[in-house]
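The values are calculated or read from the model by the stated rules, or taken from the named source; none is laboratory data. In this text, all values refer to a predicted model and were calculated from it rather than measured experimentally. Positions of Cβ are backbone-derived with ideal geometry, glycine not excepted, and every protein chain shown enters the neighbour counts.
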Amino acid sequence: MSSVWLPCGDYHQNYSQDQGWWQTTLIQFKMLTLLAVAFIGCPWALPQDWHWVAWVFAALGVVLGLVKIIADPPRLKGEWVLFPFILAVLLLYRLPDYYLSVLVMIGYYSMGALGVQLLIGYTGLITLGHAAFIAVGAYVSALMVLYFHWPRFIIDAGLAYPISIIVAGVIAGFWSILFGLPSAKVKGFYLILTTMAAQFITVDFILTQYVAQIGGRGQAFSLPPGTIKVGPWVIDSDVKVYVMMAGILTLMVAFVANLLRSRVGRAWVAIRDNDIAAETMGINIVTYKLMAFFVAGFLGGVTGAFWLSNTAALSPEHFPWFLSLWLVGIILIGGVGSIHGAILGSLFMVLITESLQWGVLPLTDYYDEIANTLDPGRFKLMLDWLVPKLLMDFAYIKEMVFGLAICAFLIFEPNGLSYRWWQTKNYFNLWPFSY
Amino acid sequence: METFVVAMITGILVGGIYALVALGWVIIYKCSGVLNLAMGELTIIGAYVTLTFYTAGVPFIPAVLLTLVVGAFLGYLTERIFLDKLIGEPILAVIMVTVGLSFFLKGLVEFIWGTDTRVFTPPVFSIEPITLGFLKISPVYLWSFILSLVLLVVLVSFFKFTSWGLSMQATADDETAALSLGVSARFVYAASWAIAFMSAGVGGALLGNINGINISVGHLGLLVLPAVVLGGLNSIPGAIVGGITIGVLQNLAGTYLDVYFPGGVKEIVPFVFMTVFLLFKPYGLWGWERIERV
């Protein structure tokens with residue numbers, strides 16, 4: 001059932017309306033604005049002598065506004081008058097590279113968390129080993145790009161990496177099915193253990209001991225510049241990685257959201273809510289559970305393959321058990337059982353750790369300045385020890401904060417950020433009568 | 001043959017320590033239904049606390065006893081702060097709180113004690129192996145086994161014979177009935193965490209004697225998970241048998257499989273075994289089979 005608030009007296013009359021992507025013009029406008037911000041606003045800005053394009057858009061907006069005021073055609077909703085102005089602003093500015101790289105991390109975690117969300121939030125299969133499938137995807141893709149003998153024309157067309165992304169997804173999906181097999185018999189905590197086994201067997205054993213040794217370069221696969229190439233573009237700058245991320249993430253979200261509207265998605269939700277009841281309704285729970293594992297593994301594999309474009313060398317240490325737990329933590333913070341949750345959760349976690357960093361760095365600088373003016377004594381000795389340690393052991397503080405954040409969210413806000421988001425949205429949608 | 005026997009014996013001896021930690025895990029699960037993934041961190045904390053006392057000049061056995069006291073206090077605190085509010089929440093929430101807890105504790109340990117490997121100096125047990133016929137066993141293993149055996153007996157008899165232990169068993173069996181008979185469930189939960197912290201702490205101290213202490217002792221703490229699954233989640237004898245089985249399996253794998261699969265086969269085998277085992281016996285050896293109805 002759709003959870004969209006329609007204007008008073010406006011009702012859905014059939015199923016396809018109820019399941020529609022964009023049910024009101026306002027929603028369509030908001031989504032298009034979001035996409036425009038993601039694809040145009042963040043990465044690009046017009047060069048100086050092309051600024052007139054933005055002014056053309058602004059003029060178009062003025063024209064639309066005049067048409068709206070004078071003629072008021074019913075098809076031209078008020079939102080579309082605003083849209084050219086927004087585009088004009090987005091064309092003029094872009095984010096600095098640092099913010100883009102932060103966004104890339106957010107996107108990477110969101111992609112990983114989407115697969116986890118599918119398993120935990122929509123099918124009720126708790127997994128603590130998702131990093132294994134991300135790692136499989138990354139390694140399959142890296143091996144294909146580095147060692148596979150591609151026909152000349154594919155390399156020239158820059159198709160090797162895109163093809164390897166798909167193949168990586170499929171292989172990671174099958175690998176995920178392998179570890180999903182016990183889910184036919186066990187659930188709950190026992191299933192958690194088998195997924196943990198997937199993590200340890202795949203990353204700590206197979207990848208570290210065998211796959212990472214291929215080529216005899218020790219632990220890390222270095223990816224020479226120019227190997228990661230999509231079409232004519234070599235992915236070598238923050239902007240290009242960001243655009244890759246935005247594209248893949250958008251496709252993934254669309255894919256998952258569409259899947260959840262289908263028969264498959266409804267079957268998964270039925271299994272999550274009560275698997276025995278689902279079975280009596282004629283759902284083959286083993287098939288659908290394995291299908292969930294496949295899709296989650298596929299998403300994980302694509303995520304891992306994407307990771308190649310953001311790194312210069314690939315090593316099994318990029319995919320520790322910590323990453324699996326981090327992804328589950330993200331969906332818990334974001335909200336279990338919503339696609340927003342995966343994205344809001346990673347936004348929250350990345351921003352928290354980044355802002356901690358911004359907090360600690362000035363603190364140590366400030367302390368260096370004032371250290372000489374302090375009275376020598378116990379207190380100063382303690383600070384002398386503590387302040388440099390804060391900077392040095394920052395990774396551990398990050399871990400502690402992450403752990404506390406998970407605990408706090410589960411205790412005080414078990415529905416996660418997406419529930420807050422939904423409430424805030426409703427407040428404005430129903431304003432001024434939000435009761 | 002000789003290598004086989006040596007591997008078996010070493011396995012049983014190390015398995016005794018696993019059994020101790022696994023017992024702590026099962027106690028928490030039995031009494032409060034919490035599936036605890038922070039067991040590895042509890043083990044590390046125990047190891048470091050003992051080490052701190054020991055380096056401060058306290059002899060080993062009193063240091064272990066002090067660790068028990070500190071562990072009981074920390075366990076009580078943990079339960080009160082983090083898990084008290086989650087009674088009756090869904091399984092994922094409770095598990096993930098323990099995961100969050102494990103991150104927090106791990107970060108804390110790394111922040112306080114650093115990540116370098118530390119050893120007990122001077123060594124607690126002599127390095128000279130004890131010779132029994134053709135067997136050569138290093139005293140660390142033997143004494144660890146004996147110490148954990150003693151603690152196992154103490155814990156099991158605590159459960160069987162003291163009124164606290166009995167009230168914990170009653171809560172595990174039927175919480176409502178126990179509440180109506182005047183057992184304080186909150187006390188039981190806190191006590192079970194205190195006991196788990198204590199047993200994990202001693203386990204950590206003993207494991208730390210074998211290879212030195214660093215953050216990877218926590219990975220050994222994770223090995224209790226296959227052990228408890230093997231025995232069935234809510235069975236105390238199961239935890240002991242499971243722990244010893246995992247110890248033996250590990251050592252046999254280290255002896256025989258390491259030739260064919262060089263690398264960390266020792267750490268992986270328990271998990272592989274567990275995955276395959278679950279396919280055939282989903283509830284472990286003595287776990288309660290849950291019959292589900294719609």
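A:Thr208 satisfies every condition listed in (1) of a type in the set (Val, Ile, Thr); (2) assigned to a helix (DSSP H, G or I); (3) more than 9 Å from chain B (Cβ to nearest Cβ) except (3). Taking the criterion of being loosely packed, with under 13 Cβ neighbours inside 10 Å and more than 14 Å from every other protein chain (Cβ to nearest Cβ), the residues of segment B:86-135 that qualify are B:Thr121, B:Pro122, B:Pro123, B:Ser126, B:Ile127, B:Glu128, B:Thr131, B:Leu132, B:Gly133, B:Phe134. Any residue in segment B:3-10 that is of a type in the set (Val, Ile, Thr), over 15 Å from B:Gly231 (Cα atoms) and touching a Gly at 6+ places or on another chain (Cβ under 6 Å)? No, the conditions are met nowhere in segment B:3-10. Residues that are polar (S, T, N, Q) and assigned to a helix (DSSP H, G or I) within segment B:135-188 comprise B:Ser144, B:Ser148, B:Ser157, B:Ser163, B:Ser167, B:Gln169, B:Thr171, B:Thr176, B:Ser180, listed in sequence order.
Within segment A:43-90, how many residues are in a helix (DSSP H, G or I) and either among the β-branched types (Val, Ile, Thr) or within 18 Å of A:Phe29 (Cβ to Cβ) (or both)?
Taking segment A:43-90 and keeping what is in a helix (DSSP H, G or I), we get A:48-50, A:52-70, A:78-90.
This time we only want the ones that are either among the β-branched types (Val, Ile, Thr) or within 18 Å of A:Phe29 (Cβ to Cβ) (or both), so: A:53, A:56-58, A:60-65, A:67-70, A:78-90.
Going through segment A:43-90 one residue at a time, the tally reaches 27.
Taken together, the residues in segment A:103-158 that are within 24 Å of A:Gly180 (Cβ to Cβ) and not in a helix (DSSP H, G or I) amount to 6. The set of residues in segment B:203-258 that are of a type in the set (A, V, I, L, M), more than 13 Å from every other protein chain (Cβ to nearest Cβ) and not in a helix (DSSP H, G or I) contains only B:Ile213.
Here A:Leu35 meets each of (1) part of a helix (DSSP H, G or I); (2) outside the structural domain of A:Arg272 (by TED's automatic domain parsing); (3) farther than 29 Å from A:Phe428 by Cβ with one exception, condition (3). Going by what's in this entry, would A:Leu181 be described as more than 14 Å from chain B (Cβ to nearest Cβ) and either over 22 Å from A:Gly304 (Cα atoms) or part of a helix (DSSP H, G or I) (or both)? Criteria not met by A:Leu181. In segment B:266-293, the residues that are in a helix (DSSP H, G or I) reach residues that are small (Gly, Ala, Ser) and modelled with pLDDT of 80 or more with C-beta atoms within less than 8 angstrom, at least six apart or across chains, in these pairs: B:Lys266/B:Ala253; B:Lys266/B:Gly254; B:Val269/B:Ala253; B:Pro270/B:Ala227; B:Phe271/A:Ala197; B:Val272/A:Ala197; B:Met274/A:Ala197; B:Thr275/A:Ala197.
Only one residue in A:Met196, A:Met244 is of a type outside the set (Ser, Thr, Tyr), touching a residue at least 60 places away in the same chain (Cβ under 8 Å), more than 30 Å from B:Ile268 (Cα to Cα) and buried (at least 21 other Cβ atoms within 10 Å of the Cβ). Which one? Among A:Met196, A:Met244, only A:Met244 is of a type outside the set (Ser, Thr, Tyr), touching a residue at least 60 places away in the same chain (Cβ under 8 Å), more than 30 Å from B:Ile268 (Cα to Cα) and buried (at least 21 other Cβ atoms within 10 Å of the Cβ).
The rows are residues; the columns are (1) modelled with pLDDT of 80 or more; (2) under 19 Å from B:Asn36 (Cβ atoms); (3) touching a helix residue (DSSP H, G or I) at 6+ places or on another chain (Cβ under 7 Å).
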site: B:Gly238; (1), (2), (3): yes, yes, yes
site: B:Gly242; (1), (2), (3): yes, yes, yes
site: B:Gln250; (1), (2), (3): yes, no, yes
site: B:Phe261; (1), (2), (3): no, no, no
site: B:Gly264; (1), (2), (3): no, no, yes
site: B:Gly284; (1), (2), (3): no, yes, yes
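Tell me, please, whether a residue that is on the phi > 0 side of the Ramachandran plot, in contact (Cβ under 8 Å) with a residue 24 or more places away in the chain and of a type in the set (Gly, Ala, Ser) can be found in segment A:298-313. Looking through segment A:298-313, none of the residues is on the phi > 0 side of the Ramachandran plot, in contact (Cβ under 8 Å) with a residue 24 or more places away in the chain and of a type in the set (Gly, Ala, Ser). Taking segment B:275-292 as the range and being at the interface with chain A (Cβ under 7 Å from one of its Cβ atoms) and in contact with a Phe, Trp or Tyr (Cβ under 9 Å, 6 or more places away or on another chain) as the test, the residues that pass are B:Thr275, B:Leu278, B:Pro282.
Looking at segment A:248-269, which of the residues that are of a type in the set (Gly, Ala, Ser) and either touching a strand residue (DSSP E or B) at 6+ places or on another chain (Cβ under 7 Å) or in contact (Cβ under 8 Å) with a residue 12 or more places away in the chain (or both) is nearest to A:Gly341 (Cα to Cα)?
Among them, the one singled out is A:Ala257.
Give me a count of the residues in segment B:146-167 that are among the polar types (S, T, N, Q) and surrounded by 12 or more Cβ atoms within 10 Å (Cβ to Cβ). Here the count works out to 2.
Screening A:Ile331 with (1) crowded, with 24+ Cβ neighbours inside 10 Å; (2) of a type in the set (Val, Ile, Thr); (3) more than 20 Å from A:Ile248 (Cα to Cα) gives one miss only, at (3).
In the list A:Phe409, A:Phe394, A:Phe379, which residue meets the criterion of being among the aromatic types (Phe, Trp, Tyr) and under 22 Å from the mean Cα position of the chain (by Cα)? Full working, then the answer.
Numbers: A:Phe394 fails: under 22 Å from the mean Cα position of the chain (by Cα); A:Phe379 fails: under 22 Å from the mean Cα position of the chain (by Cα).
The conditions single out A:Phe409.
Against the definition (in a helix (DSSP H, G or I), out of contact with any Ser or Thr (no Cβ under 6 Å at 6 or more places or on another chain), aliphatic (A, V, I, L, M) and within 21 Å of A:Ile228 (Cβ to Cβ)), how does A:Val328 come out, yes or no? Judged against the criteria, A:Val328 is not a match. Taking every residue in segment A:166-191 that is basic (Lys, Arg) and pairing it with any residue that is part of a loop (DSSP other than H, G, I, E, B) and surrounded by fewer than 24 Cβ atoms within 10 Å (Cβ to Cβ), at least 6 positions away or on another chain, the pairs with Cβ-Cβ distances below 7 Å are A:Lys185/B:Pro282.
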